[in-house]
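**Q** Right, I'll just put the structure down here and ask away after.
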Amino acid sequence: MHLSVKLSVPVLTLLCVIFAQAVGSAVRTSITVDEGLHIASGYSILRTGDFRLVEEHPPLVKLLEALPLLPVPNLPDPRALPAWAEAAAPTAESLPLLHMAQQLIYPYRPIDRLVVAARIPSALLATLLGALVFRWAADLGGDRAGLLALFLLAFDPNVIAHAGVAGTDLGTACFITLALFTLTRFLHRPTVPRLATAGAALGLAQAAKLSAVLLLPVTAIAILLGLRKRRLASLALLLGAAGVTFWGVYGFEIGAAPGLPFPVPAAGHAIPWMRLLQHTAGGHPAFLLGENSTQGWWYYFPVAFGLKTPLPTLILLAAAVVTGLRCHSPAHRRAKVQRWGALTLFPGLYFISSLFSNLNIGYRHLLPVLPCLFVAIGILTRCAAFSTSRLTQYALRITLYALLAWLALGTLCLFPHYLAYFNELAGGPAGGYRYLADSNTDWGQAYKDLARFQQERGIGPVRLSAFICLLYTS
């Protein structure tokens, strides 16, 4: 399907809006808590080809974010720093990477030369994510469904917040969406090129973040239920393509993995799994609704979703759910799986798994489900409009435009501090601290503005209580 000239203008405009908001935020905000670690990890791998500092997340997104740093002058070789020797063997210990960030990233001046450069790939991935969301929704529900889905993403403050940060969450959402989209296209028309593309996308997603492992059962179920013939062969070939792509991200490394007496492909991938298991076993300090815990709450992510998702999006999501429940399509089961399988299976499984997570450290972990929700809203909202009278259609259209204007204005007014977004149920950004903490509110992104505030009012040194300070001390 090719874009008409009339359609290409709003699509390209919205894609530019995504990129502009992300870059604008990237330039204005200060380095956040996790960025130094991600940048140091990706840069160390690029410069050395060694994965000892891959730490808690697979390398793909971090490698992309570190690419613009290669031509930066006066940035030392990681192997020449004391922190490199600390990680002489694969380990789940996080101190070597923390020390590498302290020695490689934070002393560099001007630090924005590194931080802003590393954030640009996130903005580009967000733009790619917007294109994927439009194409997916347009394929399933028509061009207007695609535009609506793209608009919801372009003005979602949580998406834009992480599009302007050198983290792994936005990139993960992009590669997971790519895997689901290419899987849907393969199920619709099974061909060898589409199979290879879906397999490669699945491999890239696995190399982006460990949570992408949930794509494996989704892929298996969708293929086994959605294809008429050669189901097992197709699944095997797709997984094979995914495995080769995944291994390629690790540079076709063959090495020793902890606990195994023989070398294995992509041995460095054992480190993220070790670190995650260690992290979940010990828990993580978290805050919710006035309470503190290291083991979390099963309702953490439902509450976070309700308080940090824009109300216009929640209203449209509720309307889409009602529409979906009322629709009684006579389509064959296989056709339904081909059309809706990847779109519904993954967010359902992902959200259920989040209820059992004790790492309650941010709405950002829900980013991978948002593109699926935007696509579903776009499709089902269009279905609702076509199934009503002309008068009702006008009323629905006016309501839709009002909700979209509310969404856009609420997001643009928050520039550049999208990370602190809370909807009206929480009292907006000013009231969010009562309910959630960590990357939901203050991730260290406002120190530039704090400095401007001090300078404008002639305020001298201040005492600052913030967990980001731990990164600057050894």
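**Q** On the given criteria, is THR323 touching a helix residue (DSSP H, G or I) at 6+ places or on another chain (Cβ under 6 Å), of a type in the set (Ser, Thr, Tyr) and either in a helix (DSSP H, G or I) or in contact (Cβ under 8 Å) with a residue 40 or more places away in the chain (or both)?
**A** Against the criterion (touching a helix residue (DSSP H, G or I) at 6+ places or on another chain (Cβ under 6 Å), of a type in the set (Ser, Thr, Tyr) and either in a helix (DSSP H, G or I) or in contact (Cβ under 8 Å) with a residue 40 or more places away in the chain (or both)), THR323 qualifies.
**Q** In segment 312-329, what count of residues is obtained for those that are open to solvent by 30 Å² or more (accessible area, probe 1.4 Å) and hydroxyl-bearing (Ser, Thr, Tyr)?
**A** Residues that pass the stated criteria total 1.
**Q** Residues to consider are TYR394, TYR401; find the one that is at pLDDT below 85 and open to solvent by 40 Å² or more (accessible area, probe 1.4 Å).
**A** Within the list TYR394, TYR401, the selection yields TYR394.
**Q** Another question, if that's okay. Quick check on segment 420-427. Is at least one of its residues farther than 25 Å from GLY36 by Cβ, open to solvent by 90 Å² or more (accessible area, probe 1.4 Å) and either at pLDDT 95 or above or in a loop (DSSP other than H, G, I, E, B) (or both)?
**A** Yes, segment 420-427 contains a residue that is farther than 25 Å from GLY36 by Cβ, open to solvent by 90 Å² or more (accessible area, probe 1.4 Å) and either at pLDDT 95 or above or in a loop (DSSP other than H, G, I, E, B) (or both).
**Q** Identify the residue in segment 245-254 that is touching a Gly at 6+ places or on another chain (Cβ under 7 Å) and of a type outside the set (Asp, Glu) and, among all such residues, is nearest to ARG194 (Cα to Cα).
**A** Ranking the candidates gives THR245 first.
**Q** Can you tell me which residues in segment 63-84 are exposed (fewer than 11 other Cβ atoms within 10 Å of the Cβ) and closer than 15 Å to ALA118 by Cβ?
**A** Matches in segment 63-84: PRO71 only.
**Q** May I pose another question? So LEU187 clears everything in (1) open to solvent by less than 20 Å² (accessible area, probe 1.4 Å); (2) under 13 Å from PRO371 (Cβ atoms) except one condition, right? Which one?
**A** (2)
**Q** Can you tell me which of LEU216, LEU170, LEU178 is over 13 Å from the mean Cα position of the chain (by Cα) and at pLDDT 95 or above?
**A** So the residue among LEU216, LEU170, LEU178 that is over 13 Å from the mean Cα position of the chain (by Cα) and at pLDDT 95 or above is LEU216.
**Q** Output the number of the condition that CYS174 fails; it satisfies all remaining conditions of (1) open to solvent by 10 Å² or more (accessible area, probe 1.4 Å); (2) part of a helix (DSSP H, G or I); (3) free of Cβ contacts under 8 Å to residues at least 60 places away in the same chain.
**A** For CYS174, the failing item is (1).
**Q** Filter segment 113-143 down to the residues that are assigned to a helix (DSSP H, G or I), surrounded by fewer than 20 Cβ atoms within 10 Å (Cβ to Cβ) and either basic (Lys, Arg) or touching a Lys or Arg at 6+ places or on another chain (Cβ under 9 Å) (or both) and list them by number.
**A** Passing the criteria: ARG113, ARG135, ASP139.
**Q** If you don't mind, another one. State which residue pairs qualify: first residue free of Cβ contacts under 8 Å to residues at least 24 places away in the same chain and inside segment 178-198, second residue surrounded by 21 or more Cβ atoms within 10 Å (Cβ to Cβ) in any location, beta carbons under 6 Å apart, and separation of 6 or more residues or different chains.
**A** THR182/ALA198; THR182/ALA201; ARG194/PHE186; THR197/THR182
**Q** Take the residues in segment 1-53 that are under 21 Å from the mean Cα position of the chain (by Cα) and of a type in the set (Asp, Glu), then tell me which one is modelled with the highest pLDDT.
**A** Filtering segment 1-53 for residues that are under 21 Å from the mean Cα position of the chain (by Cα) and of a type in the set (Asp, Glu), the one modelled with the highest pLDDT comes out as GLU35.
**Q** So how many residues does segment 346-372 have that are of a type in the set (Gly, Ala, Ser) and touching a Leu at 6+ places or on another chain (Cβ under 9 Å)?
**A** Final tally of qualifying residues: 3.
The values are calculated or read from the model by the stated rules, or taken from the named source; none is laboratory data. Keep in mind it's a predicted model, so treat the numbers as computed, not measured. FYI the Cβ positions are ideal-geometry reconstructions off the backbone, even for glycines, and counts take in every protein chain you see. The protein model used for the area step is the full one, side chains on, heavy atoms only, and it has no ligands, DNA or RNA in it. Shrake-Rupley method; radii C 1.70, N 1.55, O 1.52, S 1.80 Å.
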